[in-house]
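J.: Below is one structure. I have some questions about it.
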Amino acid sequence: MISTAAIIAPRAGAAFETGTVEHRDLRDDDILIDVKFAGICHSDIHQVREEWGSAIFPMVPGHEIAGVVAKVGDGVTKHKVGDRVGVGCMVGSCGECEYCKNGEEQFCVKGSVPTYNGKDYDGEDTLGGYAQQLVVSEDFALRIPEGIELDAAAPLLCAGITTWSPLKRWGAGPGKKVAVIGLGGLGHMAVKLAAAMGAEVSVLSRTDAKKDDAEQLGATGYHATSDEETLKALRASFDIIINTVSADLPMGTYLAMLKPLGVMANVGLPSNNYEFPPGAVIGGSRVIAGSAIGGIPATQEMLDFCAEHGIAATIETIGADEVDAAYDRVVAGDVRYRFVIDTSTIPSA
């Protein structure tokens with residue numbers, strides 16, 4: 001077994017502890033990664049606090065992982081020692097079903113293996129990236145191109161691919177008007193990516209507090225959704241709306257902002273069901289869509305695009321002893337725009 005220092009959630013809602021966890025010895029297709037940085041995703045908080053149902057403890061969260069290959073298994077061909085790599089939300093899939101064969105491993109019929117708070121096919125609990133090392137199959141490690149610093153690359157492995165997928169699927173680009181609901185960890189990446197794709201981007205946020213930020217990120221429009229008259233004025237304005245917030249919304253009002261044949265792609269996960277008048281969809285042949293992450297090929301495409309266009313996450317780097325406070329700040333919306341843990345600050349056991 002391979003022992004590594006980690007930031008550990010001992011039980012639901014408890015303060016984090018530092019200690020040692022163990023990973024399997026390298027299989028032929030495994031690589032050992034020296035983790036340098038791990039992003040804090042809001043889903044980490046939901047799972048550590050058991051807001052999405054029962055979880056597996058002790059838990060090491062983290063699925064926004066950036067590091068360097070330290071060792072490779074005997075059969076590894078895709079990576080070598082010293083390579084810059086990242087790991088996202090999954091670390092395994094069957095490799096045999098139609099979705100895996102098409103590079104859509106997140107839809108694996110057998111079930112993709114989550115990076116943490118899950119079980120591998122051998123029954124072992126999975127442990128995430130809030131640690132100094134990680135063992136993973138070479139097939140689920142992404143190449144991080146030169147030109148993106150590892151700390152700012154880490155959130156791309158979740159926040160980046162989560163927003164890239166619907167933008168690509170629904171054709172964001174020149175001549176398209178894209179609105180992004182919410183300017184947080186997901187929203188700020190959606191703005192950067194859509195603008196780089198050539199779309200005209202607007203931000204829909206509750207207040208004007210982030211207007212300057214939105215413009216710096218690439219938005220050319222900004223609208224405070226607390227103003228009902230503003231919302232009415234935006235009817236039939238957008239081809240694509242990316243909804244990044246995990247909150248209940250007046251969906252009828254937002255759907256009315258779509259042009260005919262437009263799409264609202266939801267990547268946030270609210271606790272309650274959405275409700276909307278059917279006429280808001282039928283009348284303009286509009287689409288309400290959901291979007292998960294993306295497969296390994298799409299994630300690599302996104303990373304390469306980001307390197308080509310000089311895109312990375314806007315981050316605040318923290319130490320291992322600041323994670324509890326960072327969780328509270330994320331819930332309060334007090335981060336610009338992603339916390340990233342410097343794993344070198346994790347004390348060795």
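The values are calculated or read from the model by the stated rules, or taken from the named source; none is laboratory data. Because the structure is a prediction, the values reported are computed rather than measured. Please note: Cβ atoms are built from the backbone with ideal geometry, for glycine as well, and neighbour counts cover all protein chains shown.
J.: If you go through region 195-223, how many residues are assigned to a helix (DSSP H, G or I) and not small (Gly, Ala, Ser)?
T.: Number of matching residues: 7.
J.: One residue is enough: does region 11-25 have a residue meeting the conditions free of Cβ contacts under 8 Å to residues at least 60 places away in the same chain and assigned to a strand (DSSP E or B)?
T.: Scanning region 11-25, I find at least one residue that is free of Cβ contacts under 8 Å to residues at least 60 places away in the same chain and assigned to a strand (DSSP E or B), so the answer is yes.
J.: Additional query: Would you confirm whether any residue within region 46-62 is within 19 Å of Thr314 (Cα to Cα), of a type outside the set (Ser, Thr, Tyr) and crowded, with 16+ Cβ neighbours inside 10 Å?
T.: Scanning region 46-62, I find at least one residue that is within 19 Å of Thr314 (Cα to Cα), of a type outside the set (Ser, Thr, Tyr) and crowded, with 16+ Cβ neighbours inside 10 Å, so the answer is yes.
J.: Does region 275-290 hold any residues that are exposed (fewer than 15 other Cβ atoms within 10 Å of the Cβ) and more than 18 Å from Val178 (Cα to Cα), and which are they?
T.: Listed by number, the residues that qualify are Glu275, Pro277, Pro278, Gly279, Ile282, Gly283.
J.: A further question on this structure: Of the residues Leu127, Leu150, Leu142, Leu134, which single one is surrounded by fewer than 21 Cβ atoms within 10 Å (Cβ to Cβ), assigned by TED's automatic domain parsing to the domain that holds Ala320 and among the aliphatic types (A, V, I, L, M)?
T.: Every option except Leu150 fails the conditions.
J.: I would also like to ask the following. Going through region 28-86 one residue at a time, which ones are in contact with a Ser or Thr (Cβ under 8 Å, 6 or more places away or on another chain), of a type in the set (Gly, Ala, Ser) and in a loop (DSSP other than H, G, I, E, B)?
T.: If the condition is that a residue be in contact with a Ser or Thr (Cβ under 8 Å, 6 or more places away or on another chain), of a type in the set (Gly, Ala, Ser) and in a loop (DSSP other than H, G, I, E, B), then Gly62 is the only one that fits.
J.: Identify, from the list Ile311, Ile346, Ile318, the residue that is β-branched (Val, Ile, Thr) and closer than 24 Å to Gly171 by Cα.
T.: None of the others qualify; the one that does is Ile311.
J.: Quick one: count up the residues across region 158-188 that are within 14 Å of the chain's Cα centre (by Cα) and of a type in the set (Lys, Arg).
T.: The number of residues fulfilling the criteria is 0.
J.: Does Gly290 qualify as being of a type outside the set (Val, Ile, Thr) and farther than 30 Å from Cys94 by Cβ?
T.: Criteria not met by Gly290.
J.: Out of all the residues in region 91-105, which are assigned to a helix (DSSP H, G or I) and within 13 Å of Asp139 (Cα to Cα)?
T.: Passing the criteria: Cys100, Lys101, Glu105.
J.: Of all the residues that make up region 189-227, how many are over 22 Å from the mean Cα position of the chain (by Cα) and polar (S, T, N, Q)?
T.: Counting residues in region 189-227 that are over 22 Å from the mean Cα position of the chain (by Cα) and polar (S, T, N, Q) gives 4.
J.: So, one more: Just to be sure I understand, how many residues within region 203-222 are under 24 Å from Gly290 (Cβ atoms) and in contact with a Ser or Thr (Cβ under 7 Å, 6 or more places away or on another chain)?
T.: Matching residues across region 203-222 total 4.
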